[in-house]
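K.L.:
The structure is given below, and queries will be raised subsequently.
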Amino acid sequence: MGFDVNDMEAYLKDAIDKGYLTDRIMKKTPRIAIWHSCNNYRNKTGTQWWRENYLKHIELLICTELRMTGSAQSADYVLSAATDYERWDGRETTTNLNFTLFGQAVKPMFDRRTDWQIYQGLAKVIQEKAKARGIKSILYGKRTIDLDSIYDEYVQNGELDTDEKALKWHHMKSTVLGGEKGYEKFVKEGYVQAKGDGKYGPYLDDAPSRSLRWQAIDKMPGPMKKQKTNTGRFQFYVDHEYHIKLDQMTPKPQYTDKWRGGPQSPRRPDGTPYQLVMNYPHTKWGIHSSYRENQWLMRLQRGDVYLYLNPKLMAEKGIKDMDMVRVYNHVGEWFARAKEWAGLPPYVVHTEHGWDHQLSKNWSHYNNLNCEFLNPLEMAGGKKGHIVYTGNHTGNRVYYETGVDIEKVAG
Amino acid sequence: MSDFKGRQLQIVFDLNKCLECHTCTMADKLMWTNRSGREYMYWNNVETMPGHGYPKGWGNNRNQTETGSGQILGGGFKDVVLEEGRTDGKVKSRGPVQREGKDPDLENDYGIPWEYNYEEVFNPGDSHDTPGATGIRPHYKGKEVVPKWGPNWEEDQGAGEWPNHWAFALPRICNHCAHPACLAACSRKAIYKRQEDGIVLVDQERCRGYRHCVRACPYKKVYFNFSTGKSEKCVLCYPRVEKGVPPACFAQCPGRIRFIGWKDDKNSAVYKLIHEWKVALPLHPEFGTEPNVFYVPPLGNFKFGGDGEITNERVIPVKYLGALFGGVENVKRVQGIILEEREKMRKGIKSELCMTLIGHDNADRFQLNVGGVPYKTAEEVQPVKTQFVTPSEDDAKGYKGGV
């Protein structure tokens, strides 16, 4: 997009000055962190720098995880969580009309607990300690948290002290899941269909449900406040000042080679352009990093982390299929095996995302290569409908900002 | 060997619908081949075409790459004569079976069933740079390995050049041929074709592990079990099929590309697609085995021109499809029919062919007709006593709270 570190600082200052972002993110550094089902090392852009600086401040790192991810490996405590097969819980996705039961096919193995049990347990201990020390409440931002009754509040004085009670409570609160009758069906058959107004469209008995129906087909604003845009419709043209300034009002085609050598080419610190731009979209082989190192699925791939390369580029660099390749720039390095793919433009290197550090040589990662720690477009805010970011999230990378070089290495 | 006179199940895979998601592969893998010397086998696999496929270089005279050159594993019958325009796989005449094909190599042609040293993630690494724990690597028989081949090794690779690169998915199971080369090659008469459904099986009592069948099958869908010393192959989930339940790889297919039914059932979807509309073609009828799995050939998308504009030319060369599916003319005719029928649907005229290919419901795609219904679910024939039990009703569910 044509910005550098200084521009980024300027955007950040401007965004805080204008109230687009909260100033809390600048004022107070975290001391204790609980990562819940979040492989932060895997998904943070500029991982190694983020990690180094983050860990300087963190005295206690707790990780709730299903498995030992790269992130969980550096935690002080790993709270071992029950998997979907081991818990009595439900799942909805915004685009599907069914609320689906995880029927607890097996009881949790080892000492695993469901996430509901884990946080109940934490809340209980915190309440006990607070009472013992005579601490009543603390101020967190504008909120008051009553530590001496946090557990009672969490389980609503025992009303929600089991997964089963919590799930039923959630079900009964919903206006679209059919109350007691719906719950009966849900437990018996494993799912219940939502009826009535959902987030993006109505769920009807006699018509297929279409995601984004209200916005895209009926040209109506969504019924929920947070879906409202300036026009009340699905918004393709974004007229926020940052988007205008960076010429990003509409989604742009990213595959054209016209940009190559032009002003948008990622550059080295000395101003010369990188030969290659790096791309790493969603994988078909897992949900982000989940299942990414599953043996059965890995056998259907190359068994190792791989990088798609155009055959012409491979010939130019003397790289053969399955050779170990070092991908590097002035920010960091990453290792992967070459896989030939003529479907790729010769100036792009491509991998499917979700690889965990554990799988790469030297514990390296493709996120070590990101030049953009924050995305200036995600500092946008104000009275622009749905374009609101909190600052407390993982920045989305900008496709054509990660310039790299590659070379063949041993391994 | 005389012509097969029994009843025959036939199968259609619609390649225009295949997502290449490998759910079929996993359904098969977890049901049949994840144990007891079968770990390396994929009775069902999906491979990207053009390519060397799985195992590497299957085929006769040519392999499945764009040029057809490189390693060729061989098999099939000699001197096969096809009847022009015929698309049901039946051949005019054939010579003797070819048993002198190559035994595919475990490491280089199939790919070893590597494993991972997952437990390493609990160990600290050499350095305590954050976080310093050890990673996991592919291992085989206790040693770290760099895999050399696998069932989906060439995923998405295809041929051509950006932006006109082309590739398509080819799901493959045993073809349960009417004239199986594996059966013809077996000197032990251990391979038999069932009269009641045409499923081809290897008698594990009679097999002596000579592997003539492995060499003779031109599709390379017979595998040698190194643990038992006998050959094994796709059984078309016959214990399910006998009870009217479609094979696991059919039942699990999210793309709903798979059809199964009887050759003599004129109301079945497979009969309509293979024998009436003739839009489903046998894979390599020139092998002479008269396969019973038929494919609706892919149309592919359109080529880009020099300025990025979309042209009228299809990106998958029809010549290549012709080499796979019994000749260019047959493929062209099928593509023509499908495009014509699609056009009808666009104009609001209902097309029987398109509706059949869409196959909205399982009953539209599976017509095994056991017990007076088109198909049954696995749960119907092997009922599960209780589907879900709430934790409060079941003491075995372990931890219930009370922290």
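The values are calculated or read from the model by the stated rules, or taken from the named source; none is laboratory data. Owing to the predicted nature of the structure, the values given are computational and were not obtained by experimental measurement. With ideal geometry, Cβ positions are generated from the backbone for all residues, glycine too; neighbour counts draw on all protein chains shown. These area figures cover heavy atoms from the full protein model, side chains too; ligands, DNA and RNA do not enter into them. Shrake-Rupley method; radii C 1.70, N 1.55, O 1.52, S 1.80 Å.
K.L.:
If the requirement is being of a type in the set (Lys, Arg), open to solvent by 10 Å² or more (accessible area, probe 1.4 Å) and closer than 23 Å to B:Val318 by Cβ, which of these qualifies: B:Arg94, B:Arg99, B:Arg62?
P.N.:
Working: B:Arg94 fails: closer than 23 Å to B:Val318 by Cβ; B:Arg99 fails: closer than 23 Å to B:Val318 by Cβ.
When all the criteria are applied, what remains is B:Arg62.
K.L.:
For the stretch A:359-382, give me the residue count where each residue is farther than 26 Å from A:Asp17 by Cβ, in contact with a His (Cβ under 6 Å, 6 or more places away or on another chain) and either more than 14 Å from chain B (Cβ to nearest Cβ) or at pLDDT below 90 (or both).
P.N.:
Adding up the residues that qualify gives 1.
K.L.:
Of the conditions (1) closer than 26 Å to A:Glu333 by Cα; (2) hydrophobic (A, V, I, L, M, F, W, C); (3) more than 10 Å from chain B (Cβ to nearest Cβ), A:Leu60 satisfies every one except a single condition; which number is it?
P.N.:
Going through (1) closer than 26 Å to A:Glu333 by Cα; (2) hydrophobic (A, V, I, L, M, F, W, C); (3) more than 10 Å from chain B (Cβ to nearest Cβ) one by one, A:Leu60 breaks only (1).
The rows are residues; the columns are (1) at pLDDT below 95; (2) hydrophobic (A, V, I, L, M, F, W, C); (3) part of a helix (DSSP H, G or I).
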position: B:Ser2; (1), (2), (3): yes, no, no
position: B:Arg7; (1), (2), (3): no, no, no
position: B:Gln10; (1), (2), (3): no, no, no
position: B:Phe13; (1), (2), (3): no, yes, no
position: B:Cys24; (1), (2), (3): no, yes, yes
position: B:Lys29; (1), (2), (3): no, no, yes
position: B:Asn34; (1), (2), (3): no, no, no
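K.L.:
Also, quick follow-up: State the number of residues belonging to the stretch A:264-288 that are basic (Lys, Arg) and more than 14 Å from chain B (Cβ to nearest Cβ).
P.N.:
If we filter the stretch A:264-288 for residues that are basic (Lys, Arg), which is where we start, we get A:267-268, A:284.
Filter once more, keeping what is more than 14 Å from chain B (Cβ to nearest Cβ): A:267-268.
Within the stretch A:264-288, residues that are basic (Lys, Arg) and more than 14 Å from chain B (Cβ to nearest Cβ) number 2.
K.L.:
Taking the criterion of being modelled with pLDDT under 95, touching a Phe, Trp or Tyr at 6+ places or on another chain (Cβ under 8 Å) and of a type outside the set (Ser, Thr, Tyr), would at least one residue in the stretch B:76-95 satisfy it?
P.N.:
Looking for residues that are modelled with pLDDT under 95, touching a Phe, Trp or Tyr at 6+ places or on another chain (Cβ under 8 Å) and of a type outside the set (Ser, Thr, Tyr), one finds at least one in the stretch B:76-95, hence yes.
K.L.:
Find the residue count for the stretch B:12-37, including only residues that are open to solvent by 50 Å² or more (accessible area, probe 1.4 Å), within 23 Å of B:Glu232 (Cα to Cα), of a type outside the set (Gly, Ala, Ser) and in contact (Cβ under 8 Å) with a residue 60 or more places away in the chain.
P.N.:
The total comes to 2.
K.L.:
Now for a separate question. Being β-branched (Val, Ile, Thr) and within 14 Å of chain A (Cβ to nearest Cβ) is the filter; apply it to the stretch B:143-192 and report the residue that is nearest to B:Pro298 (Cα to Cα). Can you show your working first?
P.N.:
Taking the stretch B:143-192 and keeping what is β-branched (Val, Ile, Thr), we get B:145-146, B:173, B:191.
Add one more test, that the residue is within 14 Å of chain A (Cβ to nearest Cβ), and what stays is B:145-146.
Numbers: B:Val145: 37, B:Val146: 34 Å.
Filtering the stretch B:143-192 for residues that are β-branched (Val, Ile, Thr) and within 14 Å of chain A (Cβ to nearest Cβ), the one nearest to B:Pro298 (Cα to Cα) comes out as B:Val146.
K.L.:
Can you pull out the residues in the stretch A:289-313 that are surrounded by fewer than 20 Cβ atoms within 10 Å (Cβ to Cβ) and either facing another protein chain (nearest Cβ under 7 Å) or hydrophobic (A, V, I, L, M, F, W, C) (or both)? Steps first, answer last, please.
P.N.:
Just the residues of the stretch A:289-313 that are surrounded by fewer than 20 Cβ atoms within 10 Å (Cβ to Cβ), to begin with: A:290-291, A:294-297, A:311-312.
The answer is A:Gln295, A:Trp296, A:Leu297.
K.L.:
Would you confirm, using the coordinates I've provided, whether A:Pro269 is at pLDDT below 95, farther than 22 Å from A:Lys361 by Cα and open to solvent by 50 Å² or more (accessible area, probe 1.4 Å)? Spell out the reasoning first.
P.N.:
On the way: at pLDDT below 95: yes; farther than 22 Å from A:Lys361 by Cα: yes; open to solvent by 50 Å² or more (accessible area, probe 1.4 Å): yes.
Here the answer is yes, as A:Pro269 does meet what is asked.
K.L.:
I would also like to ask the following. Restrict the check to the stretch A:100-113 and report whether at least one residue is more than 12 Å from chain B (Cβ to nearest Cβ) and on the phi < 0 side of the Ramachandran plot.
P.N.:
Let us first name the residues in the stretch A:100-113 that are more than 12 Å from chain B (Cβ to nearest Cβ), namely none.
Looking for residues that are more than 12 Å from chain B (Cβ to nearest Cβ) and on the phi < 0 side of the Ramachandran plot, one finds none in the stretch A:100-113, hence no.
K.L.:
Which number in (1) open to solvent by 50 Å² or more (accessible area, probe 1.4 Å); (2) of a type in the set (Val, Ile, Thr); (3) not in a loop (DSSP other than H, G, I, E, B) marks the one condition that B:Val46 misses?
P.N.:
B:Val46 satisfies every listed condition except (1).
K.L.:
Give the stretch B:236-267 a look and list any residue that's closer than 14 Å to B:Met31 by Cα and open to solvent by less than 20 Å² (accessible area, probe 1.4 Å), or say none.
P.N.:
Of the stretch B:236-267, the ones closer than 14 Å to B:Met31 by Cα are B:236-240, B:246-252.
Once the filter is applied, which keeps residues that are closer than 14 Å to B:Met31 by Cα and open to solvent by less than 20 Å² (accessible area, probe 1.4 Å), the stretch B:236-267 yields B:Leu236, B:Cys237, B:Pro246, B:Pro247, B:Ala248, B:Cys249, B:Phe250.
K.L.:
Here are some conditions: (1) surrounded by fewer than 23 Cβ atoms within 10 Å (Cβ to Cβ); (2) of a type in the set (Val, Ile, Thr); (3) outside any loop (DSSP other than H, G, I, E, B). A:Val325 meets all but one. Which one does it not meet?
P.N.:
Among (1) surrounded by fewer than 23 Cβ atoms within 10 Å (Cβ to Cβ); (2) of a type in the set (Val, Ile, Thr); (3) outside any loop (DSSP other than H, G, I, E, B), the lone unmet condition for A:Val325 is (1).
K.L.:
Is it true that some residue in the stretch A:72-81 is free of Cβ contacts under 8 Å to residues at least 40 places away in the same chain, open to solvent by 60 Å² or more (accessible area, probe 1.4 Å) and farther than 19 Å from A:Arg31 by Cα?
P.N.:
no
K.L.:
Can you tell me which residues in the stretch A:43-71 are in contact (Cβ under 8 Å) with a residue 60 or more places away in the chain and of a type in the set (Ser, Thr, Tyr)?
P.N.:
Of everything in the stretch A:43-71, those that are in contact (Cβ under 8 Å) with a residue 60 or more places away in the chain and of a type in the set (Ser, Thr, Tyr) turn out to be A:Thr45, A:Thr47, A:Thr69.
K.L.:
Would you point out the residue of the stretch A:238-254, among those that are at pLDDT below 85 and surrounded by fewer than 16 Cβ atoms within 10 Å (Cβ to Cβ), that is nearest to A:Val348 (Cα to Cα)? Outline the logic, then answer.
P.N.:
So in the stretch A:238-254, the residues at pLDDT below 85 come out as A:238-239, A:246-254.
From what is left, the residues that are surrounded by fewer than 16 Cβ atoms within 10 Å (Cβ to Cβ) are A:239, A:247, A:249-254.
On the way: A:Asp239: 30, A:Asp247: 22, A:Met249: 24, A:Thr250: 23, A:Pro251: 19, A:Lys252: 17, A:Pro253: 14, A:Gln254: 11 Å.
Selected residue: A:Gln254.
K.L.:
Taking the condition open to solvent by 20 Å² or more (accessible area, probe 1.4 Å), assigned by TED's automatic domain parsing to the domain that holds B:Ile310 and not β-branched (Val, Ile, Thr), does B:Ala181 pass?
P.N.:
no
K.L.:
Keeping to the stretch A:355-374, report how many residues are buried (at least 23 other Cβ atoms within 10 Å of the Cβ) and out of contact with any Asp or Glu (no Cβ under 9 Å at 6 or more places or on another chain).
P.N.:
Total meeting the criteria: 3.
K.L.:
Taking the stretch B:268-303 as the search range and keeping residues that are part of a helix (DSSP H, G or I) and of a type outside the set (A, V, I, L, M, F, W, C), which one is surrounded by the fewest Cβ atoms within 10 Å (Cβ to Cβ)?
P.N.:
As a first pass, look at the stretch B:268-303 and keep what is part of a helix (DSSP H, G or I): B:269-276, B:285-287.
Okay, now just the ones that are also of a type outside the set (A, V, I, L, M, F, W, C), so B:271-272, B:275-276, B:285-286.
Numbers: B:Tyr271: 20, B:Lys272: 22, B:His275: 16, B:Glu276: 12, B:Pro285: 23, B:Glu286: 19.
My answer is B:Glu276.
K.L.:
While we're here: Any residue at all in the stretch B:136-153 that's open to solvent by less than 60 Å² (accessible area, probe 1.4 Å), aliphatic (A, V, I, L, M), over 17 Å from B:Pro50 (Cβ atoms) and not in a strand (DSSP E or B)?
P.N.:
So far as the stretch B:136-153 goes, yes, one or more of its residues are open to solvent by less than 60 Å² (accessible area, probe 1.4 Å), aliphatic (A, V, I, L, M), over 17 Å from B:Pro50 (Cβ atoms) and not in a strand (DSSP E or B).
K.L.:
So in the stretch B:102-125, with the set limited to residues that are open to solvent by 20 Å² or more (accessible area, probe 1.4 Å) and among the charged types (D, E, K, R), which one is nearest to the other protein chains (Cβ to nearest Cβ)?
P.N.:
The qualifying residue nearest to the other protein chains (Cβ to nearest Cβ) is B:Glu115.
K.L.:
Please list, ordered by first then second residue, the pairs with beta carbon atoms under 7 Å, 6 or more apart or interchain, first in the stretch A:392-411 and more than 30 Å from A:Tyr20 (Cβ to Cβ), second in a loop (DSSP other than H, G, I, E, B) and modelled with pLDDT of 85 or more.
P.N.:
Hits for this filter: A:Val404/A:Tyr274; A:Val404/A:Asn329; A:Asp405/A:Tyr274; A:Asp405/A:Gln275; A:Asp405/A:Asn329; A:Lys408/A:Gly318; A:Lys408/A:Ile319; A:Lys408/A:Asp323.
K.L.:
Within the stretch B:304-330, track down each residue that is in a helix (DSSP H, G or I) and under 20 Å from the mean Cα position of the chain (by Cα).
P.N.:
To start, the set of residues in the stretch B:304-330 that are in a helix (DSSP H, G or I) comprises B:318-324, B:328-330.
Result: B:Tyr320, B:Leu321, B:Gly322, B:Ala323, B:Leu324.
K.L.:
Just to be sure, is B:Leu9 open to solvent by 10 Å² or more (accessible area, probe 1.4 Å) and within 30 Å of B:Asp265 (Cα to Cα)?
P.N.:
Criteria not met by B:Leu9.
K.L.:
So, one more: Can you find a residue in the stretch A:169-183 that is touching a residue at least 60 places away in the same chain (Cβ under 8 Å) and within 14 Å of chain B (Cβ to nearest Cβ)?
P.N.:
For the stretch A:169-183, residues touching a residue at least 60 places away in the same chain (Cβ under 8 Å) and within 14 Å of chain B (Cβ to nearest Cβ): present.
K.L.:
Among the residues in the stretch B:114-124, are any farther than 30 Å from A:His357 by Cβ and among the β-branched types (Val, Ile, Thr)? Walk me through it before giving the result.
P.N.:
Initial filter on the stretch B:114-124 (farther than 30 Å from A:His357 by Cβ): none.
The answer is no, given that none of the residues of the stretch B:114-124 is farther than 30 Å from A:His357 by Cβ and among the β-branched types (Val, Ile, Thr).
K.L.:
Might you check whether a residue that is more than 14 Å from chain A (Cβ to nearest Cβ) and in contact (Cβ under 8 Å) with a residue 24 or more places away in the chain occurs anywhere in the stretch B:381-397?
P.N.:
For the stretch B:381-397, residues more than 14 Å from chain A (Cβ to nearest Cβ) and in contact (Cβ under 8 Å) with a residue 24 or more places away in the chain: present.
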